[in-house]
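What follows is calculated from the coordinates using simple rules that are stated; it is not laboratory data. This one's a predicted model, so the numbers in the text were calculated from it and none came from an experiment. A quick note on method: Cβ atoms are made from the backbone with ideal geometry, for glycine too, and the neighbour counts reach across all protein chains shown.
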Amino acid sequence: MPKTIREINEKIKRGEAVVVTAEEIIDIAEEKGVKKAAQEVDVVTTATFGPMCSSGAYLNIGHSKPRIKLGGGRAYLNDVPVYTGFAAVDILIGANALPDDDPRNKIHPGEFSYGGGHVIEELVAGKDLKLTATAYGTDCYPRKKLETWINIKDLNETVLFNPRNAYQNYNVAVNLSDRVIYTYMGILKPKLGNANYCSAGQLSPLLNDPYYKTIGIGTRIFLGGGVGYVAWQGTQHNPTAPRTPNGVPRAGAGTLAVMGDLKKMSPEWLKGTTMTGYGTTLTVGIGIPIPILDEEILTYTTVKDEDIYAQVIDYSLAYPEFEPGSLGEVSYRELKSGRILVQGKEVPTGSLSSYARAKEIADILKNWIKRDKFLLTEPVQSLPSADSGLTFKPLKERPLE
Amino acid sequence: MQKKKVVLTFPYKLINQPITYHLIKDYDLKVNILRARINPREEGRLMIEIGGEEKSLEKGMNYLKELGVEVQSLAQDIRWLDEKCTHCTVCIPICPTEAIILDRNQMIVSFDKDKCIGCGLCVPACPYKAVEILF
Ligand code: SF4
Ligand code: SF4
């Protein structure tokens, strides 16, 4: 008998819901069989904790006396530039933003020790941040200069808004060249010296709901230690990526745009991140509950690391030149074993996404549902799925003449 | 023959003295300089591997201490910050000595000071500044 989200929520309210993590469900289904497991288990929690570059936050800092219109002017938080294209006192900070005087890659590889991701972490941690701004002044907003400390507790809306998070699967990065390269996938040693991957595999949200049957617009989630929501499909959402017979994409596919109140989040689950030679970013903790509505949905959540494959891509040439071609396909089980085989060579692996932290998030979310009566949501609208025909298009450049 | 890795910190006034020369010449020690940093007007730091007879090694160390050089065994100078480590594992294939250890059942990372040679390769590789070489 299929269940409804409403029925599951009634059980949650009575404290009777059976909630397990996407790791625990594997053994449960093996032991009890899919049919029984689908009857007994109400919710499976999934999670991920990794660097997610398309992340940022918008803040309303409140009006100064006399008033200033930052829109069209310039503003900085701890010397990191913020975007001022919204009205008078709404500012937007992106995880990749860097101080104007950061040397970047002038001496390669650049250090990138502080940027937008770190500003967001410090804001969430309750630290005072230095706001400096200049504006052109108008009759209604006469002020031209502002320098002050700000603190999250004194601000109005503080919203984490990440246009692309929780990638459904990702590349495994290697380096075929004979020099060290510094990428967003980490430091890659020459001649297949290491292979870096970035997914929680069997715990990862969209790998447990490959066709987005339960995760959709409006889904309530764990975001950065607080409560957030899926706002839209993420940018570069590519549901038509090739899939294995179990529905799991073999390469980067779906993505999520997520948002939530920064004031309720914690620096433990939003971490300013430094990729040497590449830039700064934000590591985001995301947990998503999957309501077990029927056997099909349960079957998706039983996906194991050995059933999930990723493509090995050369980041010295194929990736930067946007050339097609994978050096092969490996499973997350192989990746987690510490060694994969690429072009006949054993290559040691490392991950950018923390499986240990993802597991912690899946457990926290489980407790929220069981103890704090965190209720599940019916998606307001589904995300475009494999049948949508939606693909991720490259840029068509046209000469300016 | 004994060998150890130490970090020498010496005050500004000693910067111009040929300390390693004396260690080699007067105490018959083998000195291999791993890293050096001299800050003008401040202090100098030298990471060395030093080897020789137990007695000579002891005498050499005493000579340094008498001069006012601070001697630290190397592991004290390299810190892995548990509270900053997210256990991502991206440093694992970078470390040449398996000083950063991964428990593959739990996917939890730990640090074995004794195995660390202070090469510093993990420092730029860690996205969370969880490894510090105080050099
Ligand atoms: S300093 Fe070198 S040896 Fe020590 S942990 Fe880092 S990479 Fe390993
Ligand atoms: S790279 Fe840094 S955060 Fe990741 S496991 Fe190593 S020490 Fe920990």
Checklist entry - Taking every residue in B:99-108, how many Cβ atoms of other protein chains lie within 10 Å of its Cβ, on average? => result 3
Next on the checklist: For Cα pairs less than 8 Å apart in space and 6+ apart in sequence, what is the mean separation divided by the residue count of the stretch A:105-227, i.e. the relative contact order in percent?
Outcome noted: 14 percent
Checklist entry - What does the charge add up to near A:TYR229, with Lys and Arg as +1, Asp and Glu as -1, over the other residues with Cβ less than 12 Å from its Cβ? => result 0
Checklist entry - Which chymotrypsin sites (Phe, Trp or Tyr not before Pro) in the stretch A:290-396 pass both tests, a DSSP loop state and at most 12 other beta-carbon atoms within 10 Å? => result A:PHE322
Item to check | the stretch B:43-58 versus the stretch A:326-401: alpha-carbon centroid distance in Å | outcome: 50 Å
Next on the checklist: Inside 10 Å of the C-beta atoms of A:353-360, what's the mean count of C-beta atoms belonging to other chains?
Outcome noted: 5
Checklist entry - By counting other Cβ atoms within 10 Å of each Cβ, how are A:VAL44, B:VAL123, B:VAL109 ranked from fewest to most? => result B:VAL123, B:VAL109, A:VAL44
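Select from the stretch A:108-157 those chymotrypsin sites (Phe, Trp or Tyr not before Pro) which occupy a DSSP coil region and have at most 16 other Cβ atoms within 10 Å, ordered by residue number.
Counting only loop positions with at most 16 other Cβ atoms within 10 Å, the chymotrypsin sites (Phe, Trp or Tyr not before Pro) in the stretch A:108-157 are A:TYR136.
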Checklist entry - Under the classification rounded if a/c is under 1.5, otherwise prolate if a/b is larger than b/c and oblate if not, where does the stretch A:125-241 fall, given a ≥ b ≥ c as square roots of the Cα gyration tensor eigenvalues? => result oblate
Checklist entry - Cβ under 11 Å from A:ILE28's Cβ, A:ILE28 left aside: what net charge do those residues give with Lys, Arg +1 and Asp, Glu -1? => result -4
Checklist outcome for this item: In the structure shown, of A:LYS189/B:LYS113; A:LYS36/A:LYS370; A:LYS11/A:LYS373; A:LYS213/A:LYS264; A:LYS69/A:LYS263; B:LYS5/B:LYS65, the pairs separated by more than 18 angstrom at the C-alpha atoms are A:LYS189/B:LYS113; A:LYS36/A:LYS370; A:LYS213/A:LYS264; A:LYS69/A:LYS263
Checklist entry - For chain A, what is the relative contact order in percent, using Cα pairs closer than 8 Å and at least 6 residues apart in sequence? => result 24 percent
Next on the checklist: Using +1 at the C-beta of Lys and Arg and -1 at the C-beta of Asp and Glu, which of A:MET275, A:ILE5, A:TYR197 has the Cα lying farthest in the positive direction of the dipole of the protein assembly as shown?
Outcome noted: A:MET275
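Compute, for chain A, the length of the dipole vector about the Cα centre, with Cβ point charges of +1 (Lys, Arg) and -1 (Asp, Glu) only. Units Debye, rounded to 20.
800 debye
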Checklist entry - To the nearest Å, what is the center-to-center distance of the stretch B:115-135 and the stretch A:90-156, using C-alpha atoms only? => result 28 Å
Next on the checklist: Contact order normalised by length for the stretch A:56-160, with contacts defined as Cα pairs under 8 Å and 6 or more residues apart; what percent is it?
Outcome noted: 35 percent
